[in-house]
Amino acid sequence: MDAPPLYHEAHRIEDFQRNLETVRTRIVCACKRAGRDPAGVRLLPVSKTVSEERLRMAYAAGCREFGENKVQEAFHKAGLMADLPELRWSLIGHLQTNKVKLVARFASEFQALDSLRVAKALDRRLQAEGRGLDVLVQVNTSGEVSKFGLPPEEVAGFLRQLTGFSSLRIRGLMTLALFSTDSSKVRSCFVLLRELRDRLRQETPAGVVLDELSMGMSGDFEMAIEEGATIVRVGQALFGPRATPDSHYWPEHDHASRERHRPLETKESPVLGGYS
């Protein structure tokens, strides 16, 4: 993969308009190369660490949804910006069960589901709130122990177990590509997710829809689009360089493993690629 591009920091509405136009042009060009309709690719601006003031400018420039990694940060921003009509929030980071009550109150989408324990807790809280939630299942396509997500071979069984959670609307799959200078290795992560989705479509249970593939960030979203991405998660290419390293948002594997493999209460069964 090439070195990360120089991102232009946005501090005015005009800056955001320029950056949005640049990213959208890149999306259109990638779709043309792949013979795809650009309307089939959704741009999700990743707003982690970005202040309310700058998010309001991004909104004025045309952004109507933001993706956040940390629940409390997202919940706080959602409260501050509740006056803005049609604004949606997508949680794209790992979720612990003690935070599901916040997600159930404000989020429109959760892209990182990889735990039945979290699914059960989310479903219970959503039913109490009288809400539903669009959900994507996170898949670890790079095989890195530092990343969250289910191994590809476990996804089919996981999807079958999700059918009992009526408040969760399963929409597709999400992945984080390998961080590598070898573009073929990065691309292979996207190919794996697309091929997995295509296979799973032949056996998905009723109520599970696998239309969405969320893959690709600021440094690799064009490659992801060429391989079938329907959602690209773009932060720095829109907002500018981020001072906080990505490793701050992706906890160590031993914690991830403990959370993911904790038993259910019932019998139900470093820097990341893409420069988000």
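Any residue in segment 153-163 that is in contact with a Gly (Cβ under 6 Å, 6 or more places away or on another chain), more than 20 Å from residue 99 (Cβ to Cβ) and modelled with pLDDT under 95?
yes
Please determine, by comparing only the residues of segment 15-50 that are more than 19 Å from residue 214 (Cβ to Cβ) and in contact with a Lys or Arg (Cβ under 9 Å, 6 or more places away or on another chain), which one is surrounded by the fewest Cβ atoms within 10 Å (Cβ to Cβ).
49
Take residue 131 and decide whether it is surrounded by fewer than 20 Cβ atoms within 10 Å (Cβ to Cβ), part of a loop (DSSP other than H, G, I, E, B), at pLDDT 95 or above and charged (D, E, K, R).
Considered against the rule, which asks whether it is surrounded by fewer than 20 Cβ atoms within 10 Å (Cβ to Cβ), part of a loop (DSSP other than H, G, I, E, B), at pLDDT 95 or above and charged (D, E, K, R), residue 131 comes out as yes.
How many of the residues making up segment 160-195 are touching a strand residue (DSSP E or B) at 6+ places or on another chain (Cβ under 7 Å) and hydrophobic (A, V, I, L, M, F, W, C)?
6
Somewhere in segment 162-172, is a residue touching an Asp or Glu at 6+ places or on another chain (Cβ under 9 Å), aliphatic (A, V, I, L, M) and within 21 Å of residue 230 (Cα to Cα)?
Yes, that holds for at least one residue.
Looking for something loosely packed, with under 15 Cβ neighbours inside 10 Å and part of a loop (DSSP other than H, G, I, E, B) - is there at least one such residue anywhere in segment 169-184?
For segment 169-184, residues loosely packed, with under 15 Cβ neighbours inside 10 Å and part of a loop (DSSP other than H, G, I, E, B): present.
Taking the condition modelled with pLDDT of 95 or more, under 18 Å from the mean Cα position of the chain (by Cα) and farther than 20 Å from residue 74 by Cα, does residue 172 pass?
Answer is yes for this residue.
Of the residues that make up segment 142-164, is at least one β-branched (Val, Ile, Thr), in contact with a helix residue (DSSP H, G or I) (Cβ under 6 Å, 6 or more places away or on another chain), within 26 Å of residue 220 (Cβ to Cβ) and assigned to a loop (DSSP other than H, G, I, E, B)?
yes
Which of the numbered conditions does residue 188 fail, given that it passes all the others? Conditions: (1) in contact with a Gly (Cβ under 8 Å, 6 or more places away or on another chain); (2) among the hydroxyl-bearing types (Ser, Thr, Tyr); (3) farther than 20 Å from residue 71 by Cα; (4) modelled with pLDDT of 95 or more.
(1)
The values are calculated or read from the model by the stated rules, or taken from the named source; none is laboratory data. Everything quoted here is computed from the prediction, not taken from an experiment. All Cβ positions, even for glycine, are placed from backbone atoms using ideal geometry, and neighbour counts span all protein chains on display.
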